[in-house]
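S.K.: This is the structure I want to talk about, given as structure tokens.
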Ligand code: ADP
């Protein structure tokens, strides 16, 4: 890149490619390096922590540059993608010789963007986490309805679904995509989404694209997809087409995702229950990490999916449970099965690479070994009696690949290489012509070895060697002091190169043998290449059957892993019922229990018994007493059961839950900004509008994030509303003793507390749940436990005595609350009043259609209006 005013041809080429790459970093191939320039170089150097240099000038200024070696590019790509970058790869699409032939000695090698590497379009083994699905999603809105299409191109899975705009965030939270594309002009698009042209999101075009990908005349065989789903699907395929520069990856027939088949959970619930990710980010500390005993990556991915989308229909849950129980009851079979699964390569992902034309001989080998192993597993299971129904359905998918595995077994060597350009992966005996070519090069190589010995003798130079390099090919080398003999005109050697200490020669015989090797080698390579293409075609033709095998094996691994975990922890098979109850005996929190076990502490099991006549539990007791743990373990047990697994309890009877909600009160509104309390209230509002009689809600110290009076008043009203209106199962942890008075007016509400004892001035937390209201808060004892200096605790005690005296005299914070009419009655009275403008506006709001942000803005607006009214 030199510094004239008009850009050099290379700079012009670079700038044109960069314009095409848009806001992706451009990896510009130069020989053995990918180079980055200008801002791209600055960004990449920062992320990768590599040297930022410069090369030539552009418009009078040095051009910042950095580069990564091609052979190590994948690991650098991985880091850039993880840092949120997208990368366009510009390759040299002709050789320097071709360029010279085309445009003379100074011609620039043609380059083109061959692929965009983005978080959602990866297939490379090194760039993917084996135990996590990698999802790309497209979302858009068609006539008030959101369509979502997602796929994991590493395995080809694709699902289409639809939801109300108000549920989009929850749906996307469940899907957990690493990249989302949305129309450029869509105002409700999630913040992290990548805007794409509106024209990509046409439903007719989407239908056409789907039909084309699967070669069908109608989509009816796959499901009844709505306009919104088809529009999203079209955009998804268009984006894949763009990223792969016209090469589409593996896409299996789309599956219709029915939202009623699954338990609904919003993003806040997912985050607070730490299902697949802990709150700090990362897998460690999550429910998934605590229960995952899968021995294959595909199994771990499926388990994460099961936990992210638990079922809400009894029959498929029972099917999964029956399978887990069957394996739970037969430890020997389970051990054999897990041993066999452990030997499985990731055939789903190997298939993904092969179909995306990024496959290697090793991927073919993995398909061969994986399908072979599937056969072994099939045999292991087939002979067993009393097979559960789910297994029966899976079994047929495990076999039937005999013809393909036979071909692959004959064609490939035992451990094929990852580079398709490295020769030798086709096994001997597969192709007679190839074997012969190999023999020719073998015999020529032997001839060259013999030639070396002969020349040493003939010239009397024991240090003579025949060597090979990329520039000269084969040559004869002798130390300089012996060169004279070979220089003689009649020696039969011709001089090629003189080095400082050695001289290099050629000979006619050597040339002939070298030519034999080169020709046979070239033809052998071409033959292997052709076989590779053929084998890829064989595999691609059976893509759906192979994907079904991979999916069946993953399901078997999940069931075996669940059974293993249950056996390890003494877990039980939950009973699923339609009654709105939740009867958990000796329930435990799988994550807290595992954490305690590390320090040798024992987890105290607790019961939970919610039913139609006692569906709301208020739980009091000291801080650190175990309230949150109890709430969460109850929610997690429901989630595990509906995901089709055993649960950490002595017994559990679970009335199917349609929606699960978990809310945690803001603890520190000063440090985290005042809006935290607002968020807490917006989230609580969602529960009050959405929870049905079949829902399960856990509320942890809701109301805590504001002043005592406000907080108590809100907690009171929320508990009452749940009791009177939602009538759903609910565990409500609170430190407001005053709420206990609700028990007087709410028959289905009961009081509970976590027990604690003061012993010789020290507080002992028993983590044991007991009936009745908490007698006191033990706040000062907790403070002492936490190391607050004794004089401060003593002073606090004096203040407390004074406050309590005041409370006794006035009737306390909740004095008179008992006389308030109940929520429903009070709400009815509001209805009687004649409507005002504020009320009319409220009536018009479609709560489900609001994003939390809009809800917040609207609240402010309504408040302003109320203030001026
Ligand atoms: P709270 O919500 O009442 O403040 P937590 O549920 O956060 O209390 O529990 C605090 C700590 O007490 C937990 O981190 C855990 O170490 C311990 N703990 C909670 N429940 C139990 C239990 N059932 N058995 C043993 N230890 C527990």
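S.K.: Give the percent of DSSP beta bridges with both residues in the range 546-661 that are antiparallel, rounded to the nearest 5.
M.R.: 75
S.K.: Still on this structure: Angle check, please: helix 73-82 long axis (alpha carbons) against the longest principal axis of the chain (alpha carbons), in degrees 0 to 90, nearest 10.
M.R.: The helix 73-82 is inclined about 20 degrees to the chain.
S.K.: Considering just Cα atoms, how many Å³ per residue does the convex hull of the range 13-87 enclose?
M.R.: Convex hull volume per residue, Cα atoms: 86 Å³.
S.K.: On to the next question. Given Cα pairs under 8 Å that are at least 6 residues apart, what percent is the relative contact order of the range 683-750?
M.R.: Normalised by residue count, the contact order of the range 683-750 is 38 percent.
S.K.: May I pose another question? Which values, in whole Å and largest first, are the semi-axes of the equivalent ellipsoid of the range 387-474 obtained as the square root of 5 times each eigenvalue of the Cα gyration tensor?
M.R.: Ellipsoid semi-axes (Å, largest first): 50, 14, 10.
S.K.: Compute the FRET efficiency between residue 74 and residue 509 as 1/(1 + (r/R0)^6), taking r as their Cβ-Cβ distance and R0 = 45 Å, and round to the nearest 0.05.
M.R.: Efficiency for this residue pair is about 0.55.
S.K.: Which order do 767, 71 fall in if you start with the one that has the fewest other Cβ atoms within 10 Å?
M.R.: The fewest-first ordering by Cβ neighbours comes to 71, 767.
S.K.: In percent, what relative contact order does the chain have, based on Cα pairs under 8 Å that are 6 or more apart in sequence?
M.R.: 9
S.K.: For the range 1-137, rounded, prolate or oblate, judged on the Cα gyration tensor with a ≥ b ≥ c (square roots of eigenvalues), a/c < 1.5 rounded, else prolate if a/b > b/c?
M.R.: Prolate, because a/c is 1.5 or more and a/b exceeds b/c.
S.K.: Could you estimate the translational diffusion coefficient of the range 246-341 from the Stokes-Einstein equation, with Rh from the Kirkwood formula over C-alpha pairs, at 4 °C and 1.567 mPa s, in whole µm²/s?
M.R.: 81
S.K.: Cβ neighbours within 10 Å, averaged per peptide: list 267-273, 590-596, 801-807, 750-756 in order, most packed at the top.
M.R.: 750-756, 267-273, 590-596, 801-807
S.K.: Can I ask one more? Just round it to a whole percent: the fraction of Cα-Cα distances in the range 331-487 exceeding 19 Å.
M.R.: Within the range 331-487, distances greater than 19 Å cover 70 percent of Cα pairs.
S.K.: Given q = 0.17, 0.24, 0.25 Å⁻¹, what are the Debye log10 I(q)/I(0) values for the range 559-629, with equal point scatterers placed on the Cα positions and solvent ignored?
M.R.: After summing over all Cα pairs, the log10 values are -0.85, -1.22, -1.25.
S.K.: Helix 790-810 versus the longest principal axis of the chain: what angle, 0 to 90°, nearest 10, using Cα atoms?
M.R.: Helix 790-810 sits at roughly 40 degrees to that axis.
S.K.: At q = 0.12, 0.19 Å⁻¹, what is the base-10 log of I(q)/I(0) for the range 99-183 according to the Debye formula with one equal point scatterer per Cα and no solvent? Please give it to two decimals.
M.R.: -0.50, -0.85
S.K.: Suppose we look only past 21 Å in the calculated P(r) of the range 685-792. What percent of the Cα-Cα pairs does that tail hold?
M.R.: More than 21 Å apart: 45 percent of the Cα pairs in the range 685-792.
S.K.: Based on the Cα coordinates of the range 552-700, what is the per residue volume of their convex hull in Å³?
M.R.: Taking only Cα atoms, the range 552-700 has a hull volume of 154 Å³ per residue.
S.K.: Further question on the same structure: For the chain, what does the helix formula give at 222 nm: sum of -39500 (n - 2.57) over DSSP H segments with n ≥ 4, over the residue count, nearest 500 deg cm²/dmol?
M.R.: Counting only the DSSP helices, I get -14500 deg cm²/dmol.
S.K.: Within the chain, what percent of beta bridges assigned by DSSP are antiparallel, to the nearest 5?
M.R.: Taking every DSSP beta bridge within the chain, about 65 percent pair in antiparallel fashion.
S.K.: If one takes the longest principal axis of the Cα atoms in the chain, at what angle in degrees, from 0 to 90 and to the nearest 10, does the Cα axis of helix 852-868 lie?
M.R.: Tilt relative to the chain: about 40 degrees.
S.K.: Rounded to the nearest whole Å³, what is the per residue volume of the convex hull around the Cα atoms of the range 252-306?
M.R.: Dividing the Cα hull volume of the range 252-306 by its residue count gives 112 Å³.
S.K.: Work out Dmax and Rg for the chain from the C-alpha atoms and quote the Rg first, both in angstrom.
M.R.: Cα-based Rg and Dmax for the chain come out at 35.0, 126 Å.
S.K.: Relative to the present Cα-Cα distance, how much length would full extension add between residue 530 and residue 414 at 0.36 nm per residue of separation?
M.R.: Extra length from residue 530 to residue 414 when fully extended: 39.8 nm.
S.K.: Continuing with this model, one more query. Label the range 168-290 by shape, choosing from rounded, prolate and oblate, from the square roots a ≥ b ≥ c of the eigenvalues of the Cα gyration tensor; if a/c is under 1.5 it is rounded, and otherwise prolate applies when a/b is larger than b/c, oblate when it is not.
M.R.: It is prolate, given that a/c is not under 1.5 and a/b is the larger ratio.
S.K.: If you average the sequence gap of Cα pairs under 8 Å that are 6 or more apart and divide by the length of the range 484-601, what percent do you get for the contact order?
M.R.: For the range 484-601, the relative contact order is 8 percent.
S.K.: Going by C-beta contacts inside 10 Å, put 181, 664, 782 in order with the fewest on the left.
M.R.: 782, 664, 181
S.K.: By the gyration tensor of its Cα atoms, with a ≥ b ≥ c the square roots of the eigenvalues, what is the shape of the range 468-554: rounded for a/c under 1.5, prolate for a/b over b/c, or oblate?
M.R.: prolate
Any read-out appearing in this document is the output of simple, stated calculations on the displayed coordinates, not a laboratory observation. Everything numeric here is computed off the predicted structure, so don't read it as measured data. With ideal geometry, Cβ positions are generated from the backbone for all residues, glycine too; neighbour counts draw on all protein chains shown.
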